[in-house]
Protein chains: 2
Amino acid sequence: MFDFKYFTPTKVVFGKNKEEMVAELIKEFGGTKILIHYGTGSVVRSGLLKRVTDSLDAEGIKYVTLGGAVPNPHLGLVHEGIELCKKENVDFLLAVGGGSAIDSAKAIGYGVFNGGEVWDFYDNKRKATGCLPLGVILTIAATGSEMSDSSVITKEEGLVKRGYNSDFCRPKFAILNPDLTMTLPDYQTACGCTDIMMHTMERYFTNGGNMEITDALAEGLLRTVKKNALILRDDPNNYDARAEVMWAGSLAHNGLTGCGSDGGDWMTHKLEHELGGLYDVAHGAGLAAIWGSWARYVYKDCLPRFKKFALNVMDVENKGTDEEIALRGIEAMEDFYRSIKMPTNLRELGVNPTEEELVDMAHKCAVGVGGKKGSAKVLYEADMLAIYRASI
Amino acid sequence: MFDFKYFTPTKVVFGKNKEEMVAELIKEFGGTKILIHYGTGSVVRSGLLKRVTDSLDAEGIKYVTLGGAVPNPHLGLVHEGIELCKKENVDFLLAVGGGSAIDSAKAIGYGVFNGGEVWDFYDNKRKATGCLPLGVILTIAATGSEMSDSSVITKEEGLVKRGYNSDFCRPKFAILNPDLTMTLPDYQTACGCTDIMMHTMERYFTNGGNMEITDALAEGLLRTVKKNALILRDDPNNYDARAEVMWAGSLAHNGLTGCGSDGGDWMTHKLEHELGGLYDVAHGAGLAAIWGSWARYVYKDCLPRFKKFALNVMDVENKGTDEEIALRGIEAMEDFYRSIKMPTNLRELGVNPTEEELVDMAHKCAVGVGGKKGSAKVLYEADMLAIYRASI
């Protein structure tokens, strides 16, 4: 096992109607002038935004609003948000939505606090020294950004998608009301479940040290999401299943499922980021489309973990060689993806890149990770290209 | 499932030699004049206290020291610490030790911040509005106080042991170096493992709502501690096993294993508190001595949970009636306690209360919980007395 740091300061308030506490929580964390940042309109249509602004009005908390955060949120809107915050002297950000609104708000927070070009952080050119404080009302269980140190932004020019991680952007509070996720299309629900599982699996498949307790928590989380994703496929309004998935989403990416490991593999995410930048596909679906090809490419180099995954998460029978068990685990995971209507290759994802585009994605991916990355297996540009080719 | 709040702001720094970071962490959280609070001398003898004061000296951080926190820490020392802090203008507390030093430091923090008689909080007469900030260097994996909102103090007059809970006392940082627990006597290690498991089991055995993910995490944690407690019985210097138990100890009591339930049962703890107040027994051993009698008294009222515990934690065969399975789970847990040399009744604990003392403990326990308490089964004074009697 490796040494680790664990820091999850976000105050989580979980349950029905908990968005009613938003003004109280903003006051608790010292916000006086708020930027409410949201997505493409569903929080307006559902009436949630109005309920939030009514709460702030009632408590005399001033605010401005900025909508328009899209999946794979854009740098242009981040710049717009930074200027608005400066002009309006905003001292607290409230993201209302899913990972896109939260990640975009985090980037705005970095920009306002640190000055200069905010893309520098995502481009590995500078390190942030702080971030404007941030609260979240979550409407999509998926990215875990409501408790995480992570933010992913897409630069429109060249369609470059990059993440930046620091404890500064961990939200002060997160309001998690499972009811708010009821209106999601089934496809988005399945994408969210995939993203949640992948956040844990990226940490699970390592050749770095592991802890038994971390493995036990990770496997328990994966089994829970797998089971409840199937419940939601058949019964999307099941509150308890929504709650299980929503809480799993936060725990999957707040650091808990990686304690004691080397930090994880993360190459499925990196490979998907290039897809997401180029094609604007849903992140969870992109992950599902890539994972199987990645897993088959690397599993022999990380056989004990793939075997453990097969037995403890996918309930594969403990029969045959380790390789056979590991492969049956990968197949079972792909079967699960198909059962919740997730793609297991790029065609099923609905994209059909040319060889030239595959080469370009592999190159951009390799550049983005500084040449090589991975813990289950260290991948170089040629490996990345091979996985992209296998995923068609 | 129930709504819940989850708030674990403590920055955990886990691994070898991490006590070297103490000055840096104190500075990060704004401490300028420190009270170092510790126990009965082992941190002096081991050289840990000297390493800590050397670190603070090197960074020019001023401090005073106060030793003497004993198991079931005393109110008298808390008063002494409060006066010392006021006199020396202390603005940050550093507890070096186990739960006794941490709980005592938390009480000192309440006293300094709020003024007035600090016992009022423990006696349910006032609510704290804050607490002096606190950091921890942990040397015993057991109480989980390094991340918890809890503090338990014993008032010498009448030997009354009471807890007080609030988020204000959650430590700012916790340094967890498994090597620092290596010198513990085997008995204390086993007591710690018992306490850790009991913190999770108190939350697990409820008739309130539960979440599948919380159950999965709790069961994974319990299996991990059970396995590693046996490893440590035979190989006390096993670093990885020390690490598993140490991290489990923090997670068992920071709130994670109770999300979505009604808060838990906690009657084994309450029954033990009276024993601990009267006899000054080790907390973990007291819990083990009471648990079996409690479990046999209540299991029929909480059968699904006792069955689940038997199957998923104690690996009992799924055969026979639910009652039979539940009882075999209780027996298996008692066998486990015996295997790590923990008592399963008061005689084995080394105490032999008179009937009058049992009556007195049951009465004090009932008063302490406001007349009744419990979720697996609500217990009144007569029930408490019956469990005490059965535990002889």
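Any read-out appearing in this document is the output of simple, stated calculations on the displayed coordinates, not a laboratory observation. Note that the coordinates shown come from a computational prediction; the quantities given were computed from them, not determined experimentally. Cβ sites come from the backbone with ideal geometry, for glycine too, and all protein chains shown count toward neighbours.
Miscellaneous remarks
- Relative exposure of A:253, B:363, judged by other C-beta atoms within 10 Å (fewest first): B:363, A:253
- Acute angle (nearest 10 degrees) that the helix B:303-312 long axis makes with the longest principal axis of chain B, alpha-carbon atoms: 70
- Bridging of residue A:377 to lysines at a Cα separation below 16 Å is possible for A:270, A:300, A:307, once same-chain residues fewer than 8 apart are set aside.
- When A:126, B:45 are arranged by Cβ crowding within 10 Å, least crowded first, meaning fewest neighbours, the order is B:45, A:126.
- Taking the Cα atoms of chain B, the ratio Rg/Rh between the radius of gyration and the Kirkwood radius comes to 0.96.
- Each Lys and Arg contributes +1 and each Asp and Glu -1, all at the Cβ; summed about the Cα centre of the range A:184-390, the dipole is approximately 240 debye.
- Couplings 3J(HN,Hα) for the range B:97-112, derived from phi with the Karplus relation 6.51 cos²θ - 1.76 cosθ + 1.60 (θ = phi - 60°), are x, x, x, 5, 5, 5, 5, 5, 5, 4, 5, 4, x, 4, x, 5 Hz, where x marks Gly and Pro.
- Remark: label point of residue B:124 defined 7 Å out from Cα along the Cα-Cβ vector; separations to the same position in other copies 5.9 nm, ascending.
- Since only A:346, A:187, A:318 are under comparison, the one whose Cα sits farthest along the positive direction of the charge dipole of the range A:184-390, derived from C-beta charges on Lys, Arg, Asp and Glu, is A:318.
- Antiparallel bridge percentage (DSSP; both residues within the protein assembly as shown; nearest 5): 30
- Residue A:111 sits among other residues whose Cβ lies under 15 Å from its own Cβ, and their net charge, with Lys and Arg +1 and Asp and Glu -1, is 0.
- Every Cα-Cα pair of the range A:11-180 was included, and the share exceeding 25 Å stands at 22 percent.
- Here the relative contact order of the range B:319-392, from alpha carbon pairs under 8 Å that lie six or more residues apart, stands at 27 percent.
- Our estimate of slack between residue B:280 and residue B:64, defined as 0.36 nm per intervening residue step minus the Cα-Cα distance, is 74.9 nm.
- Calculated FRET value between residue A:167 and residue B:20, using beta carbons and R₀ = 30 Å, to 0.05: 0.90
- Reported to the nearest whole Å, the Cα centre-to-centre distance from the range A:10-74 to the range A:89-156 is 15.
- Taken one residue at a time, the phi angles of the range A:41-47 give Karplus couplings (6.51, -1.76, 1.60, θ = phi - 60°) of x, 5, 6, 6, 4, 6, x Hz. Gly and Pro are set to x.
- Counting only Cβ charges, +1 for Lys and Arg and -1 for Asp and Glu, the dipole size of the range A:11-180 around its Cα centre is about 140 debye.
- Mean Cα-pair separation over length for chain A, i.e. relative contact order, pairs under 8 Å, 6 or more apart, %: 16
- Ranked from shortest, the separations from the 7 Å Cα-to-Cβ label point of residue A:304 to its equivalents in the other copies are 3.9 nm.
- Unit charges on C-beta of K, R, D, E only; dipole of the range B:134-194, Debye: 160
- Distance between modelled label sites at residue B:50 and residue A:3, nm, 7 Å Cα→Cβ extension: 2.2
- P(r) histogram, all alpha-carbon pairs of the range A:184-390 included - 5 Å bins from 0, percent: 1, 8, 16, 20, 21, 17, 11, 5, 1, 0
- Projecting label points 7 angstrom from Cα along Cα→Cβ for residue B:345 and residue B:360 puts them 2.3 nm apart.
- Shielding of peptide A:220-226 by partners, expressed as the average count of other chain Cβ atoms within 10 Å per residue Cβ, is 4.
- Annotation: the antiparallel percentage among DSSP beta bridges lying fully within the range A:11-180 is about 20.
- Taking the centroid of alpha carbons for each part, the range B:192-219 and the range A:263-306 are 34 Å apart.
- Ignoring aspartates and glutamates fewer than eight residues from residue A:308 along the same chain, the ones with Cα atoms less than 13 angstrom from its Cα are A:212, A:215, A:219, A:317, A:322, A:323, A:324.
- For residue A:11, distant residues with modelled amide H under 5 Å away: A:173, A:174
- log₁₀ of I(q)/I(0) at q = 0.07, 0.09, 0.10 Å⁻¹ - the protein assembly as shown, Debye sum with one point per alpha carbon: -0.52, -0.87, -1.07
- Over chain A, DSSP H runs of length four or greater, each weighted -39,500 (n - 2.57), average out per residue to a 222 nm ellipticity of -16000 deg cm²/dmol.
- For the range B:1-82, relative contact order (Cα pairs under 8 Å, six or more residues apart, normalised by length) works out to 33 percent.
- Fewest-first sequence of B:75, A:222, B:94, B:230 by Cβ atoms within 10 Å of each Cβ: B:230, B:75, A:222, B:94
- Across the identical copies, the label point of residue B:51 (7 Å from Cα in the Cβ direction) is separated from its matches by 5.2 nm, in order from shortest.
- Computed over the range A:131-272, the ratio Rg/Rh where both radii use C-alpha atoms and Rh is Kirkwood: 0.97
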